[in-house]
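Participant: Below is one structure. I have some questions about it.
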Amino acid sequence: MPARSTPLHPAPLSVVTAPLPLSLRIRLWRNRMVASPGFRRLVARVPLLRAVGNRKANDLFRLTGGFIFSQVLLAGVRLGLYEALVGAPVTTGFLANRLAVPEPRLRILLRANVSLGLLIEASPDLWVLDDMGAVLASDRGLGAMILHHAMLYRDLIDPDQLLRTYRTDTELRRYWAYVREMGQDGPKAAEVDGYSLLMRESQTMMADCILATFDFSGTRTLLDIGGGDGAFLAAAADRHPGLALRLFDLPAVAERAARHLDSLGLGARSHVHGGDFTRDLLPDDADCVSLVRILCDHDDSRVEAILANIYRGLRPGTTLLVAEAMDGPAEGARLSAAYFGLYFLAMGSGRCRSAQEIARFLTKSGFQDVRTIATPNPLIATLVTASR
Ligand SMILES: C[S@@+](CC[C@H](N)C(=O)[O-])C[C@H]1O[C@@H](n2cnc3c(N)ncnc32)[C@H](O)[C@@H]1O
């Protein structure tokens with residue numbers, strides 16, 4: 001007699017006593033069908049259904065192999081593979097020499113890159129960048145983000161434990177010095193250098209996204225709160241030559257920002273202030289104030305403190321612009337929300353909110369005329385604006 005297979009998980013007793021709506025009953029029926037090997041064998045025999053089934057199987061495999069695929073990316077970035085391919089096709093022999101990896105092993109990496117859509121093998125042993133590879137090679141910020149994931153992945157090595165415990169000693173929590181308890185003067189220079197450089201380098205796509213969506217041509221003075229090294233201000237200044245620049249960040253970051261803006265020839269157009277945005281006085285001479293990748297870093301109570309302080313400090317009529325990755329129905333927004341959900345869990349602070357949630361915080365803090373503005377790329381950012 002054939003052995004009966006035991007289900008992986010016994011069916012739980014339902015906790016819902018009310019009759020289920022039709023859509024849920026259909027979902028449960030569908031799940032039973034999909035979980036049945038016999039049904040999947042049937043699907044594999046019907047060409048149209050087979051295409052759907054294979055697509056779902058490939059999606060599931062993408063998740064299952066996700067760690068390996070991101071290690072392919074990490075190896076490529078660390079070795080300098082994508083830069084080595086900028087501008088011209090290159091042979092395996094040349095790459096092996098330049099990257100100091102034996103040819104047969106390098107081929108493993110190169111073939112994986114082809115399968116993942118990063119490279120093309122133009123002819124045997126001749127390699128050229130594919131679209132995603134070309135973006136990686138041209139954007140320092142993406143490379144920097146991928147490199148800093150090494151810390152995140154160590155924090156996520158036991159994700160179930162991370163979910164169960166409130167860990168305060170993660171690498172990300174040490175890296176983002178401002179999410180820990182700060183002394184009166186905030187973190188020291190050495191504690192902010194790493195994240196400030198990462199933020200500067202990864203600002204290009206964010207700034208492009210904001211500047212493509214929000215029109216600063218009517219703005220005289222822009223204050224970027226938590227403005228880091230001033231990379232967003234520099235991008236805005238480049239598009240709007242008449243714009244006066246103000247930046248507010250922790251004292252150690254403000255010093256870096258002043259140096260950076262000076263080095264770009266923007267010193268005369270900018271005033272940089274150091275302080276704590278939850279409690280210190282903010283410059284009040286701006287007609288527009290931006291919060292770029294700020295609120296998402298903080299828990300709800302801190303978001304309320306930040307917004308209350310900003311509300312107190314600004315003159316009535318000032319425009320507030322919040323720009324960050326937000327949860328939403330678009331595929332990019334959903335990807336961002338899944339990514340940042342775990343990221344902020346490891347960091348021990350913050351969460352990826354929807355535009356509606358951000359709008360509720362702004363309204364509760366007293367801001368008026370709150371609006372959500374979609375950007376060309378919801379993976380990078382959605383904007384919420386309001387008036388003080
Ligand atoms: C995620 S970074 C974003 C930087 C920049 N807006 C960008 O998008 O590149 C958060 C910034 O907020 C600053 N920050 C954090 N806590 C702060 C506080 N209490 N007061 C002032 N700035 C703070 C950090 O120093 C850092 O520059």
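Each reported figure results from applying straightforward, stated rules to the coordinates on display, with no laboratory input. Quick caveat: nothing in here was measured; it's all calculated off a predicted structure. Note that we place each Cβ from the backbone using ideal geometry, even for glycine, and neighbour counts take in every protein chain shown.
Participant: So, how do all the Cα-to-Cα distances of the stretch 143-192 break down into 10 Å bins, in percent, from 0 on up?
Facilitator: Spelled out bin by bin, the stretch 143-192 gives 22, 44, 28, 5 percent.
Participant: Considering only DSSP beta bridges whose two residues both sit in the chain, what percent are antiparallel, to the nearest 5? Could you put the intermediate results ahead of the total?
Facilitator: Working: 16 of 36 bridges.
Approximately 45 percent, going by the DSSP bridge assignments.
Participant: Quick one: helix 355-364 against the long Cα principal axis of the chain, what's the angle to the nearest 10°, folded into 0 to 90?
Facilitator: In the chain, helix 355-364 runs at an angle near 30 degrees to the longest axis.
Participant: Within a Cβ distance under 13 Å of PHE232, other residues only, what is the Lys/Arg minus Asp/Glu net charge? Kindly include the intermediate steps, with their values, before the conclusion.
Facilitator: Details: positive: ARG200, ARG239, ARG246, ARG293; negative: GLU201, ASP208, ASP224, ASP229, ASP238, ASP249, GLU324.
Net of charged neighbours comes to -3.
Participant: Regarding the stretch 198-312, what whole-number volume in Å³ per residue does the convex hull of its Cα atoms give? It would help to have the intermediate numbers written out before the result.
Facilitator: Working: hull volume 11.6 nm³, N = 115.
Cα-based convex hull of the stretch 198-312, divided per residue, equals 101 Å³.
Participant: I would also like to ask the following. Let me test this: with uniform point scatterers at the alpha carbons of the stretch 62-167, what is the Debye-based log₁₀ I(q)/I(0) at q = 0.17, 0.18, 0.19, 0.20 1/Å?
Facilitator: -0.79, -0.86, -0.93, -1.01
Participant: Also, I was wondering about something else. Which order do the peptides 224-234, 161-171, 97-107 come out in when sorted by mean C-beta neighbours inside 10 angstrom, highest first? If you can, show how the numbers build up before the last one.
Facilitator: Numbers: 224-234: 26.5, 161-171: 11.7, 97-107: 13.5.
Per-residue Cβ counts within 10 Å, averaged per peptide and sorted highest first, yield 224-234, 97-107, 161-171.
Participant: Per-residue HN-Hα couplings for the stretch 253-259, Karplus 6.51 cos²θ - 1.76 cosθ + 1.60 at θ = phi - 60°, whole Hz, x for Gly and Pro?
Facilitator: Residue by residue, the stretch 253-259 yields 7, 4, 4, 4, 4, 4, 5 Hz.
Participant: Now, a different point. With N residues in the stretch 233-379, what two-decimal value do you get for its Cα radius of gyration over 2.2 N^0.38 Å? Show your work: numbers first, answer last.
Facilitator: Working: Rg = 16.0 Å, N = 147, 2.2 N^0.38 = 14.7 Å.
The stretch 233-379 yields a ratio of 1.09.
Participant: What nm value, rounded to one decimal, do you get for the distance between ARG50 and ILE68 when each label is placed 7 Å out toward the C-beta?
Facilitator: Going from the ARG50 label point to the ILE68 one covers 2.4 nm.
Participant: Taking the DSSP beta bridges in the stretch 322-388 as the whole, what percent of them are antiparallel, to the nearest 5? Mind dumping the intermediate values first?
Facilitator: On the way: 7 of 8 bridges.
Here the antiparallel bridges make up roughly 90 percent for the stretch 322-388.
Participant: Sticking with this one: Kirkwood hydrodynamic radius of the chain from all distinct Cα pairs, in Å?
Facilitator: Details: mean 1/r = 0.0415 Å⁻¹.
Across the chain, the inverse of the average 1/r is 24.1 Å.
Participant: On a 0 to 90° scale, report how tilted helix 103-115 is relative to the longest principal axis of the chain, with both axes built from alpha carbons and the result rounded to the nearest 10.
Facilitator: Roughly 80 degrees, rounded to the nearest 10.
Participant: Report the full-extension gain for the segment LEU163 to VAL128: residue separation times 0.36 nm, less the Cα-Cα distance, to one decimal in nm.
Facilitator: Working: separation 35, 0.36 × 35 = 12.60 nm, distance 4.15 nm.
Gain in length upon complete extension: 8.4 nm.
Participant: Right, next: Around GLY143, what is the net charge, scoring Lys/Arg as +1 and Asp/Glu as -1 over all other residues with Cβ under 10 Å from its Cβ?
Facilitator: On the way: positive: ARG78, ARG140; negative: GLU83, ASP139, GLU201.
Net charge around GLY143: -1.
Participant: List TRP176, TRP29, TRP127 from most exposed to least, where exposure is judged by having the fewest other Cβ atoms within 10 Å.
Facilitator: Details: TRP176 22, TRP29 10, TRP127 26.
In increasing order of surrounding Cβ atoms, one gets TRP29, TRP176, TRP127.
Participant: In nanometres, what is the gap between the two model label sites at TYR339 and ARG315, each 7 Å from Cα along Cα-to-Cβ?
Facilitator: That separation, rounded to one decimal, is 3.9 nm.
Participant: Sticking with this one: Could you order the peptides 59-69, 148-158 from most to least packed, using the average number of other C-beta atoms within 10 Å per residue? Let's see the in-between values first.
Facilitator: Values: 59-69: 10.6, 148-158: 14.9.
Ranked from most to least packed, the peptides come out as 148-158, 59-69.
Participant: Hey, what's the Kirkwood Rh for the stretch 125-212 if you take every pair of different alpha carbons, in angstrom?
Facilitator: Details: mean 1/r = 0.0637 Å⁻¹.
About 15.7 Å for the stretch 125-212.
Participant: Any chance you could run the full-extension gain for LEU22 through GLU331? It's 0.36 nm times the residue separation minus the Cα-Cα distance, nm to one decimal.
Facilitator: Numbers: separation 309, 0.36 × 309 = 111.24 nm, distance 2.64 nm.
Length gained, LEU22 through GLU331: 108.6 nm.
Participant: What's the extension gain from ALA374 to SER263 if we count 0.36 nm per residue and subtract their Cα-Cα distance?
Facilitator: Working: separation 111, 0.36 × 111 = 39.96 nm, distance 3.33 nm.
Extending this stretch completely gives an extra 36.6 nm.
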